[in-house]
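FYI, it's all coordinate maths here, none of it is from the lab. As the structure is a prediction and not an experimental result, all values here were calculated from the model. Please note: Cβ atoms are built from the backbone with ideal geometry, for glycine as well, and neighbour counts cover all protein chains shown.
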Amino acid sequence: MQGASERTSQLSAVVVSPVKPRLAYATLLEALEAAAAADAPYATFHSAGSVRVLDARGALEGTRRWCAALRAHGVRRGDRVAILLPTGPAFVTALLGTMLAGALPVPLAAPLTFGKLDRFLENVARTLRAADANVLVTYPRVRDAGVALPTPTLLTEADLDGLGPAQGSSPTIDGADTALLQFTSGTTGDPKGAVISHRALLSNAYAIAHGLGLRPNDVGVSWLPLFHDMGLIGVLLTAIAHPYAVHVMSPESFVMRPTRWLETLARVGGTLSCAPNFGFELAATRAARYDGGGLDRVRVLLNGAESVRPATVARFSERFAAHGLRSDVVLPVYGMAESTLAVTFSSLEERLAVTREVVSVGTPVAGASIAVTDDHGRPLAEHAIGEIRVAGASLMDGYFRNERASAEVLCGGWLRSGDLGFVDRGRLFVTGRAKDVIIQAGRNVFATDVERIAYEACGTAASAIAAFARRNDERGTDDLVVLIETLERDESSRAKMATAVRGEVLAGIGARVDDVCFCAVGVAPRTTSGKIRRGDCARLVAGGTA
C-alpha cells in the first residue's frame, strides 16, 4: 500500500475521507466529566417493566464507586478487568470505573436468561484466559453457577456496599492509553482482543456523530448487546462523547417480541437506532400486530454488522409505513471491532444504493480511508473485487499479546479486513468474506450471494440461512450446501422451498446447490452478536442433527 495516498486521484478503489476528527477531549473519562458538569442526559434502561434512569452525573458517580471497589481489591494500572453483567447501569459504570482505575476493561457477553449456563461459561473461560484477566465483575447467577473460571477475583455490585467515590488521584491517562479490549465474536479460532486506545475510541465516536448529523435533541433506542461494538461504541460510549439521550433494552426482550423495538421508538420519540439486518427481518416478519403508535420522528436506522439485504429493507419499510416510518430512514453502514467500529456510512441523502444486487455501505467516515486491493496489497481499479483494507484514526493498536495475529492484519498502516468488495463512484460495496468462498468446479461462489438469493426464494418462511462448502472427494470439488432455519415443519412445504432455492440460485449466479437441509428456529448456530456461524452450521449438518 506504499504510495497509495499519492495515487488516490488515479485509483478510484482508494477512497479517503476529506473530514478529520475534531476531538474535544483526550480521553473518554474527560468527556464523561464534562457531560456530568453540563447535567447532560445519558441512558434509560428498560427491563421487565422497570425503568432505570442514569444521567451523566449519575454515571460519573457510579464510575468513581466502581473505581474504589476495584482499587480495594488490588486492581492496578494495566490489569485486565472482565465485565460480565446483564444490560443495565452497572455494566456501564463498571466498565468506566475500570478505565478510571487505569485498568483495561474486557466487555463480555452475558448469558441469555433461557440458555445453558455451563456451556456458555466454558466459552467465557477461553476469553478470560486470552485476556489473562485479573478480575471478573459479574452477578450472582454467574458467581453461584459452580463453574471454575480462570480469574483470581470475582466482584459483584454487593462489593460496592458502603463504598464512596474513589479517593486520591487516578492514574494519569492520555489519548494513547488503552481504553478497552474488544474481543471479537468471530466464528473460528481463538479469541483475539483488539486493543482500542482512548484516541481511537473518541475518533470513532466523532465519526459516528458526524455521519449521523447527531443533534443534542436526538433520542436513541437500542436492543443490541452492550458488550458488542455496535451497542457499546455506537450507542453507549458515543452518547458520552457527544451527549444525547439513549434508551436501552435487552437483546432477549427484542428476540422474544421484536415489536418492542418499534414500540419503544414510538413511545420515547426515538429518532435514531441501529441493528444488524436480521433484526430488521425479525421485526418485519414477526410483527403480526403492531400497536405501538407513530414512528414519524425516526430519522435514521443504521443497518450494519452483517450483509444488508434490499428485500429485508423493503419488507421492513412497507410493514411500518402505515405507522409513519419514512421509506428512506434505513442507512447501510460497515464497520469492525479492529477499527473500533465505524468504517463507512451511506450518505443521509442517498441512503440505499444497489449495484450488481449488492448494497452500498457508503463512503469512509471522518478520519478513515479504504482501499480495495489484490492479494499483494496493490490497489485495484474501480469495480474490481478484492480485499477491503482500512486505515485511519480509529484503527486498533493490535491484538492483545498476539504479535503474530497483529502482523497478519496490520500492514503498513492498513488493516486487512478479510472482507471482499469493490468501489463504485467512491462508494464501497461489500460482497462477502474472503474465507466464505465455496470453490465449486473451479469457480468461486460467495456464500453471501447464495444466502441472499435463498432468502428471496424462501420469503418470510426462513428465519436464518447459511451457505457453506462440504468436501466431496468423489467429485473432487466442494458441494454447495444450504441450511434453512424455519418454523415450517410440513415436508411437502420444505420440499417446495428446497426446489425454489435450487432453481433461483442456479438462475441467479449459475451455481448448483447440491444439498438443502432444514432445522427448527433457534437451532442454527450464531455468534454472540447474532451472526450465523457457517462453520458450525456445516458441522451441525455433518453430524446429522439439522
- [ ] For the chain, find the longest principal axis of its Cα atoms and tell me its angle to the long axis of helix 28-37, 0 to 90°, nearest 10.
- [x] 60
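Please report, in debye to the nearest 20, how large the charge dipole of segment 436-542 is about its Cα centre when each Lys and Arg carries +1 at its beta carbon and each Asp and Glu carries -1 there. Working shown, then result.
Numbers: 15 positive and 16 negative charges, 39 e Å.
Computed charge dipole of segment 436-542: roughly 180 debye.
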Open item on the list: Angle check, please: helix 447-458 long axis (alpha carbons) against the longest principal axis of the chain (alpha carbons), in degrees 0 to 90, nearest 10.
Closed with: 70
- [ ] Tabulate in residue order the Karplus-calculated ³J(HN,Hα) for segment 68-84, using 6.51 cos²θ - 1.76 cosθ + 1.60 with θ = phi - 60°, rounded to whole Hz; enter x for Gly and Pro.
- [x] 4, 5, 5, 4, 4, 9, x, 6, 10, 3, x, 5, 9, 10, 7, 10, 10
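Let me check I've understood the local charge: for S317, count other residues with C-beta under 15 angstrom from its C-beta, Lys and Arg +1, Asp and Glu -1. What total comes out?
Cβ neighbours under 15 Å give a net charge of +2.
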TODO: Using a 10 Å cut-off on Cβ atoms, rank the peptides 262-271, 90-99, 291-300, 496-505 from the highest mean neighbour count down.
DONE: 90-99, 262-271, 496-505, 291-300
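Where nothing but the Cβ of Lys and Arg (+1) and of Asp and Glu (-1) is charged, how large is the charge dipole of segment 190-326 around its Cα centre, in debye to the nearest 20? Mind dumping the intermediate values first?
Numbers: 14 positive and 10 negative charges, 49 e Å.
Rounded to the nearest 20 debye, it is 240 debye.
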Open item on the list: If you fit an axis through the alpha-carbon atoms of helix 259-268 and take the longest principal axis of the Cα set of the chain, what angle between them do you get, 0 to 90°, nearest 10?
Closed with: 50
Open item on the list: How large is the direction-averaged shadow of the alpha-carbon convex hull of segment 212-284, in nm²?
Closed with: 4.6
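How big is the dipole moment of the chain about its Cα centre under a simple scheme where the beta carbon of each Lys and Arg is +1, that of each Asp and Glu is -1, and everything else is neutral? Debye, nearest 20, please.
Working: 57 positive and 56 negative charges, 54 e Å.
Charge dipole, the chain, about its Cα centre: 260 debye, nearest 20.
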Open item on the list: What does the net charge come to around R433 if you take all other residues with beta carbon closer than 11 Å to its beta carbon, with K and R at +1 and D and E at -1?
Closed with: -1
Task: Mean separation of Cα contacts under 8 Å, 6 or more apart, over the residue count of the chain: relative contact order % - done: 13
Task: 5 angstrom amide H check on C411, placed H, neighbours 5+ away - done: R416
Task: Spacing of the two label points (7 Å from each Cα toward its C-beta) at E61 and A311, in nm - done: 5.2
- [ ] Determine which residues of segment 349-383 fall in the zone a paramagnetic label at K20 would reach in this model, i.e. backbone nitrogen under 15 Å from the point 7 Å along Cα→Cβ.
- [x] 366-369
Task: Part-to-part distance (alpha-carbon centres) for segment 387-423 and segment 272-312, which is given in Å - done: 30
- [ ] Could you line up C67, C411 from fewest to most neighbouring Cβ atoms inside 10 Å?
- [x] C411, C67
Task: Proxy reagent accessibility, fewest Cβ within 10 Å first, across Y42, Y244 - done: Y244, Y42
- [ ] Take the alpha carbon atoms of segment 237-266, find their center, do the same for segment 64-129, and report the distance between the two centers in whole angstrom.
- [x] 22
- [ ] Please count, across the chain, the pairs of lysine residues with Cα atoms under 22 Å apart that sit 8 or more places apart or on different chains.
- [x] 4
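Considering only DSSP beta bridges where both residues belong to the chain, give the percentage that are antiparallel (nearest 5). Display every interim value, and only then the final one.
On the way: 57 of 88 bridges.
Of those bridges, close to 65 percent are antiparallel.
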